[in-house]
1. For segment 361-390, enumerate the residues that are part of a strand (DSSP E or B), within 8 Å of the ligand (Cβ to nearest atom) and surrounded by 23 or more Cβ atoms within 10 Å (Cβ to Cβ).
2. Could you tell me how many of the residues in segment 150-194 are in contact (Cβ under 8 Å) with a residue 60 or more places away in the chain, crowded, with 20+ Cβ neighbours inside 10 Å and farther than 12 Å from Arg298 by Cβ?
3. Give me the pairs, please: first residue somewhere in segment 33-62 and under 19 Å from Gln357 (Cβ atoms), second residue anywhere and within 7 Å of the ligand (Cβ to nearest atom) and in a loop (DSSP other than H, G, I, E, B), beta-carbon distance under 7 Å, and either six or more positions apart or on two chains.
4. When you go through Phe104, Phe131 one by one, which is the residue that is buried (at least 19 other Cβ atoms within 10 Å of the Cβ), within 29 Å of Lys334 (Cβ to Cβ) and modelled with pLDDT of 95 or more?
5. So which residues in segment 202-215 are crowded, with 20+ Cβ neighbours inside 10 Å and touching a Leu at 6+ places or on another chain (Cβ under 8 Å)?
6. Which residue is farthest from Val28 (Cα to Cα), if the candidates are limited to segment 245-276 and must be out of contact with any Ser or Thr (no Cβ under 8 Å at 6 or more places or on another chain) and in a strand (DSSP E or B)?
7. Within segment 52-72, restricting attention to residues that are more than 14 Å from Val322 (Cβ to Cβ) and assigned to a helix (DSSP H, G or I), which residue is nearest to the ligand (Cβ to nearest atom)?
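The values are calculated or read from the model by the stated rules, or taken from the named source; none is laboratory data. No experiment lies behind these values; they were computed from the predicted model shown. Cβ placement follows ideal geometry from the backbone for every residue including glycine, while neighbour counts extend to all protein chains displayed.
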Amino acid sequence: MTSGINSASASASADVAVVGAGIIGLSVAMHLVAQGRSVLLIDRKGIAQETSAQNAGALAFSDILPLASPRILRQAPRWLLDPLGPLAIRPGYALQMLPWLLRFGLASRPSAYRASLQAQTQLMRLAAPAFHAMLARAKASHMIRQDGSLQVYESDAEFRSSLAGWQLRAEAGIAFEHVKGERLRALQPGLASSIVAGTFVPHWETVSDPFEVASALGRHVMQAGATWRQAEVRSIAVRDGGLELQLAQGSAVRAKQAVIATGAWSRQLAAQLGDAIPLETERGYNTTLPPGAFDLQRQIIFGAHGFVVTPLSTGIRVGGAVELGGLQLPPNFKRSAHMLEKASRLLPGLQTEGGTQWMGYRPSLPDSLPVIGHAKAGRQVVYAFGHGHLGLTQSGATGHLVAELLAGHTPSIPLEPFRPDRF
Ligand SMILES: Cc1cc2nc3c(=O)[nH]c(=O)nc-3n(C[C@H](O)[C@H](O)[C@H](O)COP(=O)(O)OP(=O)(O)OC[C@H]3O[C@@H](n4cnc5c(N)ncnc54)[C@H](O)[C@@H]3O)c2cc1C
């Protein structure tokens, strides 16, 4: 935030401090100002300068299948064979990743998977209305595109192997249409001839641009009276019944309540409050091509290749992939280039020049569910992080639930599966 509106003074006190101004912190702040709470929003970089800035823009409300699943365990070994493929582990980080991977394996067992599926379905049911209401309040509803998504398959075998997942979605009441031939080509002209089938999901939505949406929420929160502070929170502790947040610049902030929404960087602050949370990052890559690089009708999902292509107001974004490599190793932008190459094979008319490459840090828990709940050190602190591949989609629901927790209300859905101490 450069405008400096409502900037907090050097040593401030606040009713609620929200740490992290990614899409999750912004949504939390939106819900709190709507309740009339006085909010101090703190971020070391600005509004949505990290993962929430350049994701794929999907409001994947129908994406109820947790990533940690028997299906991924079957698929992963093949994906790992391709060093630039959909899933990679940086050799320099493999040992650190091991505990998380073991937990991911446990969360992928059928019984654990079914429990996560149920939790994710409940969260998604809340996610759509909460996101729509939030954008309406911010006068940003026009930033939602309601033209569905098209998942495509290159063989009958690939299509058939997706059917079990579609069956689970059907049981959850999610509408979709399997398409072939002319219907497939009408939904997206210009697909490669190797694509033999697709699934159209009519209620899948995308946003005009994730940064545009986050900026609109940031503006609304400030206009509603929140205070802004650009600072890194170094530590947080319960003191005299309230909270003290020490900032990197040396000053401190006192608050009655706080929300930790620091995405992939949340583990350390949670540890200071007595919670050992196995948060890791799944790094993702993309390239944003100039608008007009392809006449894209809607988001196209190339599931077997682990990437999507999204039409945005700012261009055509090609990206996805998962790289397990922590927060310190430099990006490997060969991944963005590799996905772009594949995209130009699958969408032969795609103009691949003039793109901007990006890498972001998905904050991920091993069971593919976020952490939404109170800190061990005190109920004054609520965690809201770990949304992995779905933070934009689940942001409205998370803001809604966190506001309920801070107000001492019964949450709209059971929060047991999202408890910080579930591991
Ligand atoms: C390639 C890619 C594609 C994706 N596509 C989608 C998609 O299509 N749909 C979807 O729903 N999700 C998608 N995601 C996931 C989504 O982007 C994330 O889940 C979401 O952005 C996480 O938001 P956040 O607010 O938790 O974290 P961030 O956006 O990372 O925000 C955390 C903030 O905390 C701040 N911070 C950290 N530590 C401190 C500190 N100590 N003091 C002060 N500030 C601090 C950071 O500066 C940052 O601004 C994608 C992710 C990637 C990488």
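1. Selection gives Pro363, Ala384, Phe385, His387.
2. Number satisfying all stated conditions: 1.
3. Ala48/Ala21; Ala48/Gly22; Glu50/Gly22; Thr51/Gly22; Ser52/Gly22
4. Result of the check over Phe104, Phe131: Phe104.
5. If the condition is that a residue be crowded, with 20+ Cβ neighbours inside 10 Å and touching a Leu at 6+ places or on another chain (Cβ under 8 Å), then Trp204, Glu205, Thr206, Val207, Asp209, Pro210, Val213, Ala214 are the ones that fit.
6. Taking the candidates together, the pick is Leu247.
7. In this case the residue turns out to be Arg71.
Every residue, every condition in (1) within 11 Å of the ligand (Cβ to nearest atom); (2) in contact with a Lys or Arg (Cβ under 7 Å, 6 or more places away or on another chain); (3) over 22 Å from Val213 (Cβ atoms), yes or no:
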{"residue": "Gly225", "(1), (2), (3)": "no, no, no"}
{"residue": "Glu244", "(1), (2), (3)": "no, yes, yes"}
{"residue": "Ala248", "(1), (2), (3)": "yes, yes, yes"}
{"residue": "Gln257", "(1), (2), (3)": "no, no, yes"}
{"residue": "Ala261", "(1), (2), (3)": "yes, no, no"}
{"residue": "Trp265", "(1), (2), (3)": "yes, no, no"}
{"residue": "Asp295", "(1), (2), (3)": "no, no, yes"}
{"residue": "Phe302", "(1), (2), (3)": "no, no, yes"}
